[in-house]
Ligand code: NI
């Protein structure tokens, strides 16, 4: 059995309200030894912290997603800071820039990103960064930032890899690596040092083949691990162990 660490999940979302316990039990059955539930706004950050308090193998991050960047008031920032004091909180996120959907004005996105990065450094926590069609701006902001973290569901391609690695960042690999047309992403997986790779589901989104298009769940992180093993020509056990160790190291988990 593989030892899997899902470094980016959203089990607190409503998509699991009907069967959350069954999903969690299935993840245990499939070898998942750790799940990091990631906040996207204040409410889902609170819910992630509550889940982490209930299950010993679950952890939380708190933050406001770029889609909601214009809701990051000073009050919300203060609440995130208070939430982050909980022992289950191991990161700030997900934070970043999304110029693909552009649901918040870009200057508001950049400001919210920078304020939450400052919070992460202040608290000594890594950042979970969402960057979609905004890699130049995201990397420019991160370049001047002294902390570390992960580019989740990495989509910046092979060209940005050296810069990202030089910044000390890790690369989060999710379900799209299993899609037929993801050759660029598989090249990233092939070239990156294994000690910088994390695996994730981003569930309920981005289900890997053979569940593509359906609701995702932490157990399916196994298919991401198997594809990475395939691409690198090494055993899946080795990928599972390395990525679990990487997640624990980055997030300071014993
Ligand atoms: Ni996410």
Nearest 500 deg cm²/dmol is fine: what mean residue ellipticity at 222 nm does the chain get from its DSSP H runs of n ≥ 4 alone, each adding -39,500 (n - 2.57), divided by its residue count?
-12500 deg cm²/dmol
What distance in nm separates the simple spin-label points at residue 19 and residue 234, each placed 7 Å from Cα in the Cβ direction?
3.5
Output the Cα-based Rg and Dmax of segment 18-78 in Å, rounding Rg to one decimal and Dmax to a whole number.
13.7, 42
Over its Cα atoms, what ratio of radius of gyration to 2.2 N^0.38 Å does segment 156-223 give?
1.13
Can you report the principal axis dimensions of segment 93-135 using only the alpha carbons, biggest first, rounded to whole angstrom?
30, 15, 14
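For segment 165-204, just say rounded, prolate or oblate: build the C-alpha gyration tensor, square-root its eigenvalues into a ≥ b ≥ c, call rounded for a/c under 1.5, and beyond that prolate if a/b exceeds b/c, oblate if not.
Values: a/c = 2.62, a/b = 1.33, b/c = 1.96.
Taking the square roots of the gyration eigenvalues as a ≥ b ≥ c, segment 165-204 is oblate.
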Using the basic label-point model (7 angstrom from Cα toward the beta carbon), what is the residue 194 to residue 30 distance in nanometres?
2.2
Please report the equivalent ellipsoid semi-axes of the chain, computed as sqrt(5 x eigenvalue) of the Cα gyration tensor, largest first, in whole Å.
25, 22, 16
Could you sort 153-163, 61-71 so that the peptide with the highest average Cβ count within 10 Å comes first and the rest follow in order?
61-71, 153-163
Stretchable slack from residue 140 to residue 57, in nm (0.36 nm times residue separation minus alpha-carbon distance)
26.4 nm
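Bear in mind these aren't lab numbers, they're just calculated from the coordinates by the rules spelled out. Fair warning: this is a prediction, and the values are worked out from it, not measured in the lab. Neighbour counts are summed over all protein chains in view; Cβ atoms, including those assigned to glycine, are modelled from backbone coordinates with ideal geometry.
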